[in-house]
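Below is one structure, written out as structure tokens; comments come after it.
The values are calculated or read from the model by the stated rules, or taken from the named source; none is laboratory data. Keep in mind that what you see is a predicted model, and the values were worked out from it rather than measured. FYI the Cβ positions are ideal-geometry reconstructions off the backbone, even for glycines, and counts take in every protein chain you see.
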Amino acid sequence: MVRPGFDFRVLGPFEVLRDGVPVPIRAAKLRTLLVSLLLDANEVVPVETLVDRLWGDDPPGGALNTLQNYVMRSRRSLGCAGDDGPLLTCPRGYLIRVADDGLDLHRFDALTRRARAAATADAMEQASALLGEALRLWRGEPLQDVQSEALRREVAPALAERRLDALQSRIEADLALGRHEEVVPELRKLTAGHPLRERFWAQRMLALYRSGRQAEALRCYHSVREVLVEELGVDPGAELRDLHRRILDGDPALAVAGGSGHGAPASGNLPAEMTTFVGRGRQLADAGRLLESSRLVTLTGVGGVGKTRLALRVAAQVSHAFPDGVWLADLAPLADPELLDRAVAQALGVRDQSARPCVDVLAGHLRDRRAMLVLDNCEHMVDAAATLVAALLRAVPGLRVLATSRQRLGVQGEHVLPVPPLAMPPVTPPAGEDAGPSLTHYEAVTLLVDRAAASAPNFRITRHNCGVVAQLCGRLDGIPLAIELAAVRLGTLSAEEILDRLDDRFQLLADNGAQGAPRHHRTLRGVVSWSHDLCTEHERLLWARLSVFSGGFDLEAAEAVCSGAGIDRQDVMDVLAGLAHKSILIVGTLGGRTRYSLLETIRQYGRQRLVDLGQDTVVRRRHRDHYRSMAAQAAADWCSPREVEWLSRLRRELPNLRAALDFCATEPGEAQSGLEIAVNLTRTRCWFFSSTIGEGRHWLERGLALSPCPPDPLQVGAVALVAWIALCQGDRQGADGLLARCRHLASRLPGDDVPAAVTYIEGAHALLVHGDPRAISLLAQARDRFLRAGATGDAHMATMLWAMASAFLGDRDTAVAACGEYLADAEARGGAWAHSWALWELGLTELRHGDPVRAAALFRDCLRHQHDIDDRWGPVWGLETLAWTIAAAGHHGHAAELLGAAHQLRRTTGVALTGLRPFHDAHAEADRLVRRALGEQAYATAFERGARTEDVIDLACMAP
């Protein structure tokens, strides 16, 4: 529907629409005046500025009177009289009042902000879509029909630059998604139209390289160098020079890390295929056929045989049969079986914050859906995986599960599909000129040739080497990982030399007692061991140390954890590059940063080497120290301009943080360190933003159970945080017990001062459980104590709850004072999260003690900001309180829709109002008011319409 009011457009020829109908503004000076005001919409534009924009250095006599006349004529053109319309007269100038979505420039800025937040959170699909939407607002060159030299000189270039920045960012997102071939033609035009903009050239070079057009990419570098030298007399900048060098070197890190790979489903999270998929025609057909009739299919086989690649290809090929998506959960980084269901929930994007068992949450999320779950690498937690799969299959009729494991799960109804090695040629292949084509009919040979292309582009199968190639593939038993590791060496060794060295390696293993192991295990171990021996001493040492990482890592982490005692910090980057060139490391990009990872088989081998070196505990402790420091820095930086950046980084590093926490929980004497990590992650609201507060409670409770006696302030603070999580989950019984425990532990601390954390949780409990006005003074005391202790982030949270308690339970003066304190604190800190909650607090204060219309505008603004930073917790409360506000303003139909949408959002996130007294009471009051005004039937219809709404932000911002 078209919203009533004005819609102003300056991103192209100037246009005005009122209620969707064009308003002609024919006079040139009136267009200039209105555009001048719109560029500073909702702010007073001084008379002097307007005179300059209208007439420049040569204003007419009586310019002020003429300006007043233009303002009156503009009002008439807009169909408004006096200050009733959008154009207002102010003491020092004029102001045009524009709704949040009433100016295309504002919409453009909002979309680009949301896109930046999405890119920071590595949601590149969302970032690309948002930027595409923003760029579609542009209808041509800005201000082209406005006769103002000042605007064309000072404003138009800046607007054009903002468009180019957005275009550049959208292409960046598309490149991250693997759309390199699609953007090449667009980049050709952009580099022609903006030849001095080096970033477009860099993107074009990268797109060409990823499209297999290395020579063209290199020619681009020479073209831009000629342009820069001729036009500016300078060489290309550091970025272009570095990219040119990396293309020449064939740097693996330039490979695309994500995208819409082969057969990717419309919904789900399957990664793009990074390399060619070879063979497996029979297994693909068998797996597809089994999934049509069976609800659980398990691909089994030895390590390195290609179970994961096969599972991903199968999943992509059958994705059309699952309208609710195909979802991958990689279990390899997990060490704690108790977190299995939470890891699956995270993979599915489930945003539950309740205290319910996670398996029940998963079942509820999937119950009415037709989806497929891919559980990869189940072998180290078979029992937990079997229990979860059995429960989900019983509860969810439309669910299919495809698992990979070195052993079957043992669940009733499971169909096991063994994954064999690739088909190999006979040891004595056919000779002659057609030997090469004959051999490449075999999957093992095809894979060898395909993977050799990167490191040995001149490698060919000929009648001279076909026999050796056949023997080599046979010696490698057709195991894909073994073949890929051998193929890398074809750049420096012939097939005959590789075969000789492998024979020596396998004989050495047999002499050392490995002969009794299964043949395929011996083969893979031999090839990995041989690859290990061919690494330099530094590469072997780094390989072993890198095995402590879980799920991936960046250069900074590798330097911090793995340097020293044989590897200088400044050498780590070069050693990483060496391992990447040898296919030991997988290299990609995520959120604009290079990320490294190890295949699980390679990681396990490195881990055993680390144990053999006697460095396992030492390096794991350094890994723990690095991520403990990261959590502490994030907590110290909370409620600052970097808070969203920190939250995105912590989400990305969650597998490593879990590994550090698990080390602390299983290594004697490390429990306190683990508790410190869990406390700091909770203080940053990491679990809330990631929709995993149940996991936060798990780690805090596990750390507390292992902590020594007597208690210390860290333990008291941890219990207080568990109590806070229980309150947020609506777990009143749990919160009551935890509060009593917190008081008991605090009483055993030396000294008479009550810790700030105890006072904070007492205040929160009084507010949320009892609706007791004593909460106001308790939270004010907690705030002061946190500030005296230098815990500014914790003080900010206490201030927020103090303002909330004052609004719900205090009088107007108390509420306004507390809200003002919180607003000042939020503005001083400059954090996006704090700013969004300041808007919410202002809205709540207005609703309870002021103007509901003003409150509605504040709640809507809050929801937009929370949406921009991907806050998964805040909108639950913003939508609910907006519903109360709209009800209070008398717009009962719209209020019923909002109540329905808020109810659905609470169901999705698992939030229960029953344990939150002030919210429950306010909700009940609004619900009674709306039901009474509409009647039960009309209320139910509107409520259901709101519950079905997909875009709650759009519903919230819709004028009633």
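Remarks
- Across the stretch 197-223, the qualifying residues are those that are under 17 Å from Gly588 (Cα atoms) and hydroxyl-bearing (Ser, Thr, Tyr), and the one among them that is surrounded by the most Cβ atoms within 10 Å (Cβ to Cβ) is Tyr209.
- When Val302 is tested against (1) assigned to a loop (DSSP other than H, G, I, E, B); (2) out of contact with any helix residue (DSSP H, G or I) (no Cβ under 6 Å at 6 or more places or on another chain); (3) modelled with pLDDT of 70 or more, just one condition goes unmet, and that condition is (2).
- Subset of the stretch 345-381 (residues that are more than 23 Å from Phe689 (Cβ to Cβ) and assigned to a loop (DSSP other than H, G, I, E, B)): Arg367, Asp368, Arg369, Arg370, Asn377, Cys378
- Failed item, numbered, when Val618 is tested on (1) free of Cβ contacts under 8 Å to residues at least 24 places away in the same chain; (2) in contact with a Lys or Arg (Cβ under 6 Å, 6 or more places away or on another chain): (2)
- In the stretch 110-137, the residue that is nearest to Gly12 (Cα to Cα) out of those that are of a type in the set (D, E, K, R) and out of contact with any strand residue (DSSP E or B) (no Cβ under 9 Å at 6 or more places or on another chain) is Arg136.
- The criterion of at least 1 residues that are outside the structural domain of Ser547 (by TED's automatic domain parsing), hydroxyl-bearing (Ser, Thr, Tyr) and in contact with a Cys (Cβ under 6 Å, 6 or more places away or on another chain) is met, among helices (runs of 4 or more DSSP H) falling completely within the stretch 645-722, by 671-683.
- Filtered residues of the stretch 454-473 (kept if polar (S, T, N, Q) and surrounded by 18 or more Cβ atoms within 10 Å (Cβ to Cβ)): Asn465, Gln471
- Only residues that are touching a helix residue (DSSP H, G or I) at 6+ places or on another chain (Cβ under 7 Å), under 21 Å from Thr914 (Cβ atoms) and without any contact (Cβ under 8 Å) to a residue 24 or more places away in the chain were counted across the stretch 732-761, and they come to 1.
- The residues on offer are Leu88, Leu103, and the sole one that is touching a helix residue (DSSP H, G or I) at 6+ places or on another chain (Cβ under 8 Å) and surrounded by 14 or more Cβ atoms within 10 Å (Cβ to Cβ) is Leu103.
- Residues being in contact (Cβ under 8 Å) with a residue 12 or more places away in the chain and either over 18 Å from Val146 (Cβ atoms) or of a type outside the set (Lys, Arg) (or both) - total across the stretch 50-84: 15
- Which numbered condition Val10 fails, given (1) closer than 30 Å to Leu955 by Cβ; (2) of a type in the set (A, V, I, L, M, F, W, C); (3) more than 46 Å from the chain's Cα centre (by Cα): (3)
- A Cβ distance below 7 Å, combined with a sequence gap of six or more or placement on separate chains, defines the contacts here; from the stretch 570-597, residues that are at pLDDT 85 or above reach residues that are assigned to a helix (DSSP H, G or I) and aromatic (Phe, Trp, Tyr) in the pairs Leu579/Trp543; Ile584/Trp543.
- Beta carbons closer than 8 Å, at least 6 apart along the sequence or on distinct chains, pair a first residue in the stretch 300-317 that is outside the structural domain of Asp477 (by TED's automatic domain parsing) and touching a residue at least 12 places away in the same chain (Cβ under 8 Å) with a second that is in a helix (DSSP H, G or I) and among the charged types (D, E, K, R) for Thr300/Lys307; Gly301/Lys307; Gly303/Glu600.
- Only a single criterion out of (1) in contact with a helix residue (DSSP H, G or I) (Cβ under 6 Å, 6 or more places away or on another chain); (2) outside any helix (DSSP H, G or I); (3) at pLDDT below 85; (4) under 30 Å from Ala129 (Cβ atoms) is not satisfied by Pro333, namely (3).
- Restricting the search to helices (runs of 4 or more DSSP H) fully inside the stretch 121-205 and requiring at least 3 residues that are assigned by TED's automatic domain parsing to the domain that holds Val16 gives 124-135, 149-154, 156-176.
- Residue satisfying all of: in the stretch 659-713; on the phi > 0 side of the Ramachandran plot and not basic (Lys, Arg); surrounded by the fewest Cβ atoms within 10 Å (Cβ to Cβ) among these: Gly669
- Selection within the stretch 840-855: residues that are among the aliphatic types (A, V, I, L, M) and crowded, with 24+ Cβ neighbours inside 10 Å. The member of this set that is farthest from Ala883 (Cα to Cα) is Leu842.
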